[in-house]
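Structure record follows, encoded as structure tokens.
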Amino acid sequence: MAIESINPATGDVVARYEEMAPAAVADIVAKTHEAFLGWRRTSFTTRAQAMRKAAEILRSDASHYGKLMAQEMGKPLRDGIAETQKCATGCDFYAEHAARFLAPEPVATEARKCFVTFQPLGVVLAVMPWNFPFWQVFRFAAPGLMAGNAAVLKHASNVPGCALAIEDVFRRAGFPENLFRTLMIGSRQVEGIIEHPLIRAATLTGSGPAGRAVASKAGAMLKKTVLELGGSDPYLVLEDADIDQAAALSAKGRLINAGQSCIAAKRFIVLDKVRAAFEERFVERMRAARMGDPLQEGTEVGPLARHDLRDALHQQVEASVAKGARCLLGGRIPKDRGAYYPPTVLTDVRKGMPAYDEEMFGPVASVIAVKSEEEAIAVANDSPFGLGGGIFSRDLARAERIAAEEIESGAVFVNETVRSDPRWPFGGVKESGYGRELSAYGIKEFVNIKSVYIA
């Protein structure tokens, strides 16, 4: 089977690769394990030197990697450059902090000495998506390699060039030749890789069905998994919100990566008192976003990653309108051969509509009107997902209480859009997955937390 990357802005084939045979994959896993056996005994200082070099390469070649992302999945060039620079920041963060995060922890007991040590597991399989083709990989790889692990990457089939470029970054940075390898394979081979005895764990960012498949197989093999899955992030606009700020940040949060983000703002739950004012300003902000060629300077919204994804999104919009939603902006497929979909705002969204019940993976906003704070919280939590969320309010004590105690998600941001950052943990609850990436919590997901007792 050939693996193709197709430019979603033009429909042209960027590159074509032959899929690796299972025997070749098994050989790579074995070589990666051999590299791990030496790497696990290196010092944090040695690991940090290579990781800092990876950060240097990312920064120096950011424009090249940004163009590659634009060609393979439609991300605007400026956003791809920013994503690459964020990866470099993550590399530097773990180069600086990994030794402290994984330092032995003494335990007070009657023993002569008792402590907890954190030892690497081995080769970890990473199954990664196309929407942030560099950051999704580096937020796993930077802590994973600094912890002493090795990795094999099964990237999304529409970004094979990005997958190979990431492998090249680690090789050029001075990591052992086979410590991080890209597997050029389709999804059908993933189960066989999980079965391989030298694969010790798996991490996946992707859809719910993909997460269930990997978790099911890994569970059968008794192997650790971390899953970061879909999201339908609620943003609560309370009656005391700064409406101009709420509208501007809501549009920013909805249109990040053309709306193709698990932590993009998706459901806007607005108190009746401020609904009209919010909708007016929000539509203005959404309309002002410039859609176009991702390689052109100034483009804010590029095409969706594939035509089938664009068409599926449009079907969700049409089904919601058929059930009573009103379209305030957008909602029509442009006459362009690219996989473009315009910024779209739906209002009068209610339970039973795709715009309420499902994840809308594209630049479509759902406005849901409520009468009270209590109803807003109930609607926010009335979702199978629990990844992120936002609250707009001038009463910071009130917003903090709701964020900390009421919203069922892995992160809630007050008067700001949700984002990931190496300094705090990232992950979700419910059908948004389990486990955490980033921060001190993320680096400890794929280590053996070992107790040592000396009498």
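The set of residues in region 136-169 being over 23 Å from residue 16 (Cα atoms) and either under 16 Å from the mean Cα position of the chain (by Cα) or not in a loop (DSSP other than H, G, I, E, B) (or both) consists of 138, 139, 140, 141, 142, 143, 144, 145, 146, 150, 151. Scanning region 17-32 for residues that are small (Gly, Ala, Ser) and either assigned to a helix (DSSP H, G or I) or at pLDDT below 95 (or both) yields 23, 24, 26, 30. Please work out if residue 188 is basic (Lys, Arg) and either open to solvent by less than 10 Å² (accessible area, probe 1.4 Å) or assigned to a strand (DSSP E or B) (or both). For residue 188, the condition - basic (Lys, Arg) and either open to solvent by less than 10 Å² (accessible area, probe 1.4 Å) or assigned to a strand (DSSP E or B) (or both) - is not met.
Residues that are without any contact (Cβ under 8 Å) to a residue 12 or more places away in the chain and closer than 24 Å to residue 6 by Cβ within region 276-295 comprise 290, 292, listed in sequence order.
Residues of region 266-290 that are open to solvent by less than 70 Å² (accessible area, probe 1.4 Å) and not aromatic (Phe, Trp, Tyr): 266, 267, 269, 270, 271, 274, 275, 277, 279, 283, 286, 289. Can you name the residue in region 147-162 that is of a type outside the set (Val, Ile, Thr) and in contact with a Leu (Cβ under 8 Å, 6 or more places away or on another chain) and, of all such residues, is surrounded by the most Cβ atoms within 10 Å (Cβ to Cβ)? Applying the filter and picking the extreme gives 150. Of the residues making up region 368-393, those that are farther than 19 Å from residue 263 by Cβ and among the hydrophobic types (A, V, I, L, M, F, W, C) are 369, 370, 376, 377, 378. Going by the structure shown, is residue 275 in contact with a strand residue (DSSP E or B) (Cβ under 6 Å, 6 or more places away or on another chain) and either of a type in the set (D, E, K, R) or not in a helix (DSSP H, G or I) (or both)? Yes: the conditions hold for residue 275. Looking only at region 194-213, filter to residues that are in a helix (DSSP H, G or I) and open to solvent by 10 Å² or more (accessible area, probe 1.4 Å); which one of those is nearest to residue 387 (Cα to Cα)? The qualifying residue nearest to residue 387 (Cα to Cα) is 208.
For region 337-455, the strands (runs of 3 or more DSSP E) that sit wholly inside it and include 2 or more residues that are of a type in the set (Gly, Ala, Ser) and open to solvent by less than 60 Å² (accessible area, probe 1.4 Å) are 364-370. Inside region 411-448, residues that are under 30 Å from residue 113 (Cβ atoms) and touching a strand residue (DSSP E or B) at 6+ places or on another chain (Cβ under 6 Å) make up a count of 4.
In contact (Cβ under 8 Å) with a residue 60 or more places away in the chain, assigned to a loop (DSSP other than H, G, I, E, B) and surrounded by fewer than 23 Cβ atoms within 10 Å (Cβ to Cβ), is that true of residue 178? It is true that residue 178 is in contact (Cβ under 8 Å) with a residue 60 or more places away in the chain, assigned to a loop (DSSP other than H, G, I, E, B) and surrounded by fewer than 23 Cβ atoms within 10 Å (Cβ to Cβ).
Residue by residue, here is whether (1) under 24 Å from residue 139 (Cα atoms); (2) among the aromatic types (Phe, Trp, Tyr); (3) touching a Lys or Arg at 6+ places or on another chain (Cβ under 7 Å) holds:
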residue: 409; (1), (2), (3): yes, no, no
residue: 422; (1), (2), (3): yes, no, no
residue: 433; (1), (2), (3): yes, no, no
residue: 437; (1), (2), (3): yes, no, yes
residue: 441; (1), (2), (3): yes, yes, no
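Return the pair list, or none, for Cβ contacts closer than 8 Å from residues in region 21-48 that are farther than 12 Å from residue 179 by Cβ to residues that are of a type outside the set (Phe, Trp, Tyr) and open to solvent by 70 Å² or more (accessible area, probe 1.4 Å), at least 6 apart or on different chains. These pairs meet every condition: 48/96. In region 12-36, of all residues being acidic (Asp, Glu) and under 24 Å from residue 161 (Cβ atoms), the one that is least open to solvent (accessible area, probe 1.4 Å) corresponds to 19. For residues that are in contact with a strand residue (DSSP E or B) (Cβ under 7 Å, 6 or more places away or on another chain) and of a type outside the set (A, V, I, L, M), tally how many sit in region 360-371. Matching residues across region 360-371 total 2.
Checking the structure you have, find out if any residue of region 107-126 is part of a loop (DSSP other than H, G, I, E, B), at positive phi and in contact with a helix residue (DSSP H, G or I) (Cβ under 6 Å, 6 or more places away or on another chain). Checked against the condition, which is being part of a loop (DSSP other than H, G, I, E, B), at positive phi and in contact with a helix residue (DSSP H, G or I) (Cβ under 6 Å, 6 or more places away or on another chain), region 107-126 yields at least one hit. Do we have residue 65 as in a strand (DSSP E or B), more than 30 Å from residue 100 (Cα to Cα) and not hydrophobic (A, V, I, L, M, F, W, C) here? When the stated conditions are applied, residue 65 does not pass them.
The values are calculated or read from the model by the stated rules, or taken from the named source; none is laboratory data. This is a predicted model, so every value here is computed, not measured. Quick reminder, even Gly has a Cβ in these numbers, built from the backbone with ideal geometry, and neighbours come from all protein chains shown. These area figures cover heavy atoms from the full protein model, side chains too; ligands, DNA and RNA do not enter into them. Shrake-Rupley method; radii C 1.70, N 1.55, O 1.52, S 1.80 Å.
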